[in-house]
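The values are calculated or read from the model by the stated rules, or taken from the named source; none is laboratory data. Since this is a predicted model, take the numbers as computed values, not measurements. Counting neighbours? That spans all protein chains shown, and the Cβs are built from the backbone with ideal geometry, glycine included. Keep in mind that these areas ignore ligands, DNA and RNA; they rest on the heavy atoms of the full protein, side chains included. Shrake-Rupley method; radii C 1.70, N 1.55, O 1.52, S 1.80 Å.
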Amino acid sequence: MRQFFIDEKLDIGITVCLNQDIKHHLIDVLRFKDGDIIRLVDNTNQPYKALISLDNNLSAKVIEKFESVEKKGKIIYCCCMIKKDRWQWLIEKAVEFNCDVIVPVISERTIIHIDEKIEKKVERWNKIALMAAQQCNRTDLVKVEKPIKLKQIVQYKSTNNLVAYEKEKGNYLYDLIDDN
């Protein structure tokens, strides 16, 4: 079932007009027909099942509320930037692995150069995160922040901080995560 995020509060019985991006994707790309079912997530991260109607404006009538799952913690993923295609892939995978915030980091050896078009790039990265969230049926959106320098990473320090190190021999990720 295809999922889309809606910028308003939903409830059973409500009919909502879907925006042009969703309309284009449903009709022109996916070839959905009148009466097909989609999944909508409202601005409170609550998922619903909805029936689409192909009238003048594409609309969807909410017919069922799904059970929502509450997350235990917040995952902030700080990662040094890599080349464009790989970076976009990394954003998709971070969303699928359930992180909440992605923080691009610029280190001494980062080969990516940040220019004056950074606002547009961050906007594009957030759109990639939105599409990935819709595809994997997440009920919350992932925010991709503006790139920061490595020295600024301390502002994201929390109670549990993990750093991947390829030569580590004694600690394993599953040993470091508390199940409670």
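Some points to look at:
- Any hit, the range 62-80, residues being surrounded by 18 or more Cβ atoms within 10 Å (Cβ to Cβ), touching a Phe, Trp or Tyr at 6+ places or on another chain (Cβ under 6 Å) and closer than 16 Å to T15 by Cβ: yes
- Residue that is nearest to the chain's Cα centre (by Cα) [pool: residues in the range 17-44 that are buried (at least 17 other Cβ atoms within 10 Å of the Cβ) and in a loop (DSSP other than H, G, I, E, B)]: D42
- Of the residues making up the range 54-69, those that are assigned to a loop (DSSP other than H, G, I, E, B) and among the hydrophobic types (A, V, I, L, M, F, W, C) number 2.
- Residues of the range 70-110 that are outside any loop (DSSP other than H, G, I, E, B), charged (D, E, K, R) and farther than 14 Å from R138 by Cα: K84, D85, R86.
- A count restricted to the range 45-58 and to residues that are farther than 13 Å from I14 by Cβ and under 21 Å from the mean Cα position of the chain (by Cα) stands at 2.
- Exactly one residue out of K127, K167, K146 is within 19 Å of E96 (Cα to Cα), of a type in the set (D, E, K, R) and either open to solvent by less than 100 Å² (accessible area, probe 1.4 Å) or modelled with pLDDT of 80 or more (or both): that is K127.
- For R138, the requirement of being assigned to a loop (DSSP other than H, G, I, E, B) and of a type outside the set (A, V, I, L, M, F, W, C) is met.
- All conditions but one from (1) within 15 Å of the chain's Cα centre (by Cα); (2) over 28 Å from D7 (Cβ atoms); (3) not acidic (D, E) apply to T159; the one that does not is (1).
- Any hit, the range 150-171, residues being under 30 Å from L26 (Cβ atoms) and of a type in the set (G, A, S): no
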